[in-house]
Structures are given as C-alpha cells and as structure tokens.
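This report refers to the structure that appears directly beneath it.
The values are calculated or read from the model by the stated rules, or taken from the named source; none is laboratory data. None of these values were measured; they are calculated from a predicted model. Note that we place each Cβ from the backbone using ideal geometry, even for glycine, and neighbour counts take in every protein chain shown. Side chains are part of the model used for accessible areas, which takes the heavy atoms of the whole protein and leaves out ligands, DNA and RNA. Shrake-Rupley method; radii C 1.70, N 1.55, O 1.52, S 1.80 Å.
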Amino acid sequence: MRRKRWPLTVALILLILSGVALIVWQPAQEASKGQRARSDGQQLIKSLKKGKQAPHTRARRADTAVSIPSVGIDLAIYKTEAGLTYGVLAELARVKANTNPGDNNYVLAGHSSYVPGVLFANLFQLTTSQGYVRNAHAPYRPSDYKGGTGTGGLIYVYTLEGKYTYEADRAYTVEGSDASILSDPAAGAAKQIHLFTCPRVGYKHPAFRYVVQGHLIKVKPTKLGLQKHLDTSLTVSDPTSYRVGTLTSD
C-alpha cells in the first residue's frame with residue numbers, strides 16, 4: 001500500500017506561497033513608503049505656498065520642501081537623519097544648524113530604492129545640461145544615469161520666506177567618504193545645490209554616492225520674505241569649506 005504524501009505536498013505549496021508573498025510584499029511596502037513620503041511633501045509644499053506652517057502630518061517637523069516636477073519628486077526636508085525615513089536631509093545641518101536654500105551650497109541627501117518613485121529613486125531620471133560627467137578617480141556607473149543631455153531639469157525648494165529655483169547642471173558619482181560636494185564654490189560663482197543618493201543593485205547599496213549638481217537661477221520671496229529682506233543674490237560670497245566625513249544615505 002502506497003503512503004500518502006499530501007502533508008509534504010501541502011508544506012511545499014505553503015512554502016512556495018510564502019516566498020511569492022514575500023516577493024510581492026517587499027516592493028509593495030517600498031511603494032507605500034514612497035507614496036506616503038510624497039503625499040507628506042505635497043501637503044507641506046501646498047502649505048508653504050500659502051505662507052502657512054505644515055499641517056499636522058509626519059512632515060510637521062519640517063519647514064522646507066523640495067520639488068522636482070519632471071521626475072515626480074515632492075519631499076519634506078529635515079535637519080536630522082531620522083527624517084530620511086519620511087523625506088530628505090539637509091546634509092550640512094550637522095555642522096551648520098541654520099543651513100537653508102540660498103546658501104552658497106545647499107546639500108540634500110536622500111535614500112534611494114529599487115522601486116521607482118520612492119524618496120530619491122527617481123533622481124536618476126533627471127535631465128542635466130551636461131549629462132553624466134565622469135570625474136577622475138571616481139566610481140564610474142554611467143548606466144545609473146537615465147536623464148540624458150538637454151535643458152537641465154528644474155529643482156524647486158520652498159520655505160515660508162521664499163521659493164528657490166535651481167537648474168540641474170550635471171550628474172556624477174563620488175566615493176561615500178568623499179566630502180568634496182559639501183564645500184562652497186568659489187566667490188563670484190553661481191550658488192549651488194547638490195542632491196545625492198545611493199545607487200542600488202537589487203537590495204544592495206554600493207559604497208558610493210550618485211550626485212546631481214545644479215545652480216541657483218531665481219529666488220522669489222513670499223510676503224514674509226519681503227518683510228525679512230530675504231537674500232535674493234544668486235552668486236557666492238565668502239565661501240567656506242566643510243569636511244564631515246562619510247556622506248549620509250545608505
């Protein structure tokens with residue numbers, strides 16, 4: 001008489017179903033995280049445009065936001081690394097607590113993802129005027145860059161005092177320990193913005209950073225900004241060099 005093998009078959013089916021569920025669940029969780037972060041960012045931007053503080057959402061601790069409409073990025077900007085879960089980090093806040101858009105160099109760090117639309121994952125799609133630029137002694141991953149060469153995409157940063165517009169100039173990669181992107185450009189040069197994240201291979205984070213560099217082209221003060229005499233200059237004065245070690249974002 002042949003022995004019944006149905007318990008083994010059921011166990012095998014359950015194991016397969018568990019594996020399939022895990023494969024589906026993880027990307028779904030990533031996508032959900034990205035949608036929540038973008039929704040928070042959009043709410044914050046809407047409030048800032050009206051001259052109001054952020055509504056009572058997870059973004060309530062932020063008073064600055066970044067928007068890159070061409071690639072679907074709308075995120076709150078925080079000054080602590082904990083905010084990387086919900087948006088992006090003003091990287092120089094560790095050494096310059098009052099870092100803000102309109103600085104000689106405004107630097108934003110954000111997590112990436114293997115799922116499109118999550119935090120800074122779409123940064124690789126942003127068109128820059130010079131395209132992907134290979135730097136000497138830097139990791140070379142041109143396949144990460146999908147933006148092409150043309151009119152640089154516009155990057156908007158919103159505060160209660162004004163709207164800052166930057167144009168994306170180029171993309172490149174640096175070692176994770178290379179803090180050169182944190183330094184100000186030379187006096188008289190255009191004020192800059194640097195946005196960076198980690199390229200991802202599946203679930204892995206390589207030990208270098210993907211960078212988009214842009215320059216400030218316009219500052220539009222709000223009513224509050226006019227009252228506070230917001231600085232609308234587009235060029236650098238009194239540059240400073242910062243060194244804070246390994247760049248954030250893993």
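What net charge do the residues around PRO185 carry, taking every other residue with its C-beta under 14 Å from that of PRO185, with Lys and Arg at +1 and Asp and Glu at -1? Could you put the intermediate results ahead of the total?
Working: positive: ARG170, LYS191; negative: ASP103, ASP169, ASP184, ASP238.
Taking every other residue near PRO185 into account, the sum is -2.
Quick one: accessible surface of LYS218, probe radius 1.4 Å, all protein chains present, in square angstrom to the nearest 10.
Counting only protein heavy atoms, the figure is 110 Å².
Leaving out same-chain residues fewer than 8 places away, which lysines sit with a Cα under 30 Å from that of LYS46?
LYS33, LYS79, LYS96, LYS146, LYS163, LYS191, LYS218, LYS220, LYS223, LYS228
Given a cut-off of under 8 Å on Cα pairs at least six residues apart, what relative contact order in percent is computed for the stretch 94-187?
For the stretch 94-187, the relative contact order is 28 percent.
Determine the order of GLU91, GLU175, GLU30 by accessible area, beginning with the largest, at a probe radius of 1.4 Å.
Ranked list, largest accessible area first: GLU175, GLU30, GLU91.
Using a ≥ b ≥ c from the Cα gyration tensor of the stretch 38-113 (square roots of the eigenvalues), is it rounded, prolate or oblate, where a/c under 1.5 gives rounded and otherwise the larger of a/b and b/c decides, a/b for prolate? The partial results should precede the final answer.
Numbers: a/c = 1.42, a/b = 1.27, b/c = 1.12.
Since a/c stays below 1.5, the shape of the stretch 38-113 is classed as rounded.
How large a share of the accessible area of the stretch 164-250, in percent, is made up of carbon and sulfur atoms when the probe is 1.4 Å and the other protein chains stay in place?
52 percent
Hey, what D do you get for the stretch 45-191 in µm²/s if you plug the Kirkwood alpha-carbon radius into Stokes-Einstein at 37 °C and 0.692 mPa s?
Numbers: Rh = 16.2 Å.
The Stokes-Einstein estimate is 203 µm²/s.
Work from the charge dipole of the stretch 21-173 (Cβ charges, +1 for Lys and Arg, -1 for Asp and Glu, about the Cα centre) and give the residue of ALA136, ALA168, LEU89 farthest towards its positive end.
LEU89
I need to check one value: relative contact order of the stretch 72-231, counting alpha carbon pairs closer than 8 Å and at least 6 residues apart, in percent.
Contact order relative to length: 23 percent.
Just name one of VAL66, GLN35, GLN125: the one whose Cα is farthest towards the positive end of the charge dipole of the stretch 33-134 (beta-carbon charges, Lys/Arg +1, Asp/Glu -1).
Towards the positive end, the residue furthest out is GLN35.
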